[in-house]
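A.B. asks: Please see the structure below; I have some questions.
The values are calculated or read from the model by the stated rules, or taken from the named source; none is laboratory data. For clarity, every value in this text was computed on a predicted model and none was experimentally measured. Heads up, the Cβs are rebuilt from the backbone with ideal geometry, glycines too, and the neighbour counts pull from every protein chain shown. Keep in mind that these areas ignore ligands, DNA and RNA; they rest on the heavy atoms of the full protein, side chains included. Shrake-Rupley method; radii C 1.70, N 1.55, O 1.52, S 1.80 Å.
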Amino acid sequence: MPYGLYISAEGAHAQSKRLEVLSNNLANVDTPGFKRDLALFQARLAEEVVQGQVPHGQGHVQDQGGGIWLRGTATDFSPGVLKRTDIPTDFAVNGDGFFVVEKEGEKFLTRAGNFFFNSEGTLVTPGGHTVLSDAGTPVVIAAELPWQATADGGIQQGPDKIYLGLERPQSLADLSKQGENLFLPLAPTEPVPLEERDVRNNYLELSSVKPTLEMMELIETSRAFEANINMIKNHDTLLGALVNRVLRQA
C-alpha cells in the first residue's frame, strides 16, 4: 500500500472512533451524573517497524511515522453542577465519593442519585438496581411512614436511620465504565467517613458534558476525518493515473 494512502487510512479510522466518543458524550448531556469520555491518541510507528522488519531509529527509508491510532478512552471525573430538583428521592454527592448499587449480585459505583422507592419500599436506580447502605444491605423503609434525609447521607424514619453507602476508589483509574451510569471498581474501595460526607437531598449532579465544547470538538474531528478521506481519494486517483500510464507504455 502506498505510504500516503496508509497514513490517511489510519487517520480516518482514528477520527471516526473519536467521533463515536464525542457523539456519545453529546447524547448524555442531560444524563444525571454522567462523566464524559476522552479519546486518547498516540503516534504510531510504521508497519515495517511494528512487524520487526526495520529497526526503529536507524534512519531507514521505511522508518517513518505511521500516523496515529486511538489508544483507548479515559473518563473525565470532573464534578458536574448540582441542580435543585425538589424531588425527595434525588441525592447528590457534594465532593468525594460514589453511591453504591447492586446489579445482578455485583457491586457498582455511580454519581447519579436519581433514585426512587419502589412499591416494596426499596430504594432503586432508574434501571431497577438496588441502592445499598453503608452496611452493604439494600436501603429499605416502611413505604407508608414519613421519612427525611440528612446531610450525611442518612435516611431517618422514626428512631431508625439508614446511611446510604458512599465509597471511593483508591484511584479513579480503578473504575471501569459499564453503562447505565455505573462504574465497576477494579480494586478494593474504601467507605467515606461520616464526618467527610456531604450528601445534598433534593439535588442532582448534572452531566459533566459541556455542549459547546463537545460541538467544537465534533466539528474539528469531522473536518479532520473529511480531510483524511479526501487524501485517500487523491491517492487513489494518483495511483490509478500511474497504473494507466504504465499500461499505455507497456
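A.B. asks: I want to confirm something. Restricting to region 197-250 and keeping residues that are outside any helix (DSSP H, G or I), buried (at least 16 other Cβ atoms within 10 Å of the Cβ) and among the aliphatic types (A, V, I, L, M), which single residue is farthest from the chain's Cα centre (by Cα)?
C.D. replies: Per the stated criteria, the residue is Val199.
A.B. asks: Return the total of residues in region 160-192 being surrounded by 19 or more Cβ atoms within 10 Å (Cβ to Cβ), closer than 11 Å to Gly97 by Cα and without any contact (Cβ under 8 Å) to a residue 60 or more places away in the chain.
C.D. replies: Qualifying residue count, region 160-192: 0.
A.B. asks: Among the residues of region 98-136, what is the count of those that are open to solvent by 70 Å² or more (accessible area, probe 1.4 Å) and either within 22 Å of Leu82 (Cα to Cα) or not in a strand (DSSP E or B) (or both)?
C.D. replies: 7
A.B. asks: Take region 154-213 and flag every residue that is within 17 Å of Lys35 (Cβ to Cβ) and of a type in the set (Lys, Arg).
C.D. replies: Correct list: Arg168, Lys177, Lys210.
A.B. asks: Okay, next question. Go through region 21-46 and count every residue that is among the hydrophobic types (A, V, I, L, M, F, W, C), in contact (Cβ under 8 Å) with a residue 24 or more places away in the chain and assigned to a helix (DSSP H, G or I).
C.D. replies: 3
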